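Report on one structure; see the data block that follows.
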């Protein structure tokens, strides 16, 4: 095990509106235990949960105040799924993702900021803007947990258009 993915999802003020199975403090304690075990952290958030800009800022401040910063910070866009409480949530404005990526990059300059779930709802141009704003990584493959991902050829074309060298890492 080289990395542990454990997203905080949103800021603490909005957390109990979307997660009821555990507390924000539980999430933070898990991250602390992972760090103490010498495992790298992959932790970020999801945009489109009904959160405010303030909630997003609080999430990034919490991540940026970790010492050291998380090695990996995934920025996800909610993919509304039928049968879930957030099924009717509108898709997040792509420029909100660009802002989140840019802010994460400024606050955590050495972290790998990853454009993650929800990319299939983004145009090629929106994804390129995220890469130009500071995302230096994407998750690729057929699926990302419960959500589809663009196919490999489209991702390779996207990265080439952005001037990013393609490198597969485990």
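Quick note: the coordinates plus some simple rules give every number you see, no bench work behind them. Since this is a predicted model, take the numbers as computed values, not measurements. Ideal geometry is used to build each Cβ from the backbone, glycine not excepted, and the neighbour counts take in all protein chains shown.
Observations on the structure shown:
- Packing-based exposure ordering (other Cβ within 10 Å, fewest first) of 14, 6: 6, 14
- q = 0.13, 0.14, 0.20 Å⁻¹, the chain: log10 I(q)/I(0) [Debye, one scatterer per Cα]: -0.61, -0.72, -1.49
- Residue exposure sequence - 52, 137 - by fewest surrounding Cβ within 10 Å: 52, 137
- Counting every other Cβ atom within 10 Å of each residue's Cβ, 106, 138 order from fewest to most as 106, 138.
- Length gained on full extension, residue 93 to residue 120: 8.4 nm, using 0.36 nm per residue less the C-alpha separation.
- Mean separation of Cα contacts under 8 Å (6+ apart) over length of the chain, as relative contact order %: 17
- Over the chain, DSSP H runs of length four or greater, each weighted -39,500 (n - 2.57), average out per residue to a 222 nm ellipticity of -12000 deg cm²/dmol.
- Placing a label point 7 Å from the Cα of residue 66 along the Cα-to-Cβ line, the residues of region 25-50 whose backbone N sits under 19 Å from it are 25-47.
- Spin-label model distance (nm) - residue 13 vs residue 54, 7 Å beyond Cα toward Cβ: 0.3
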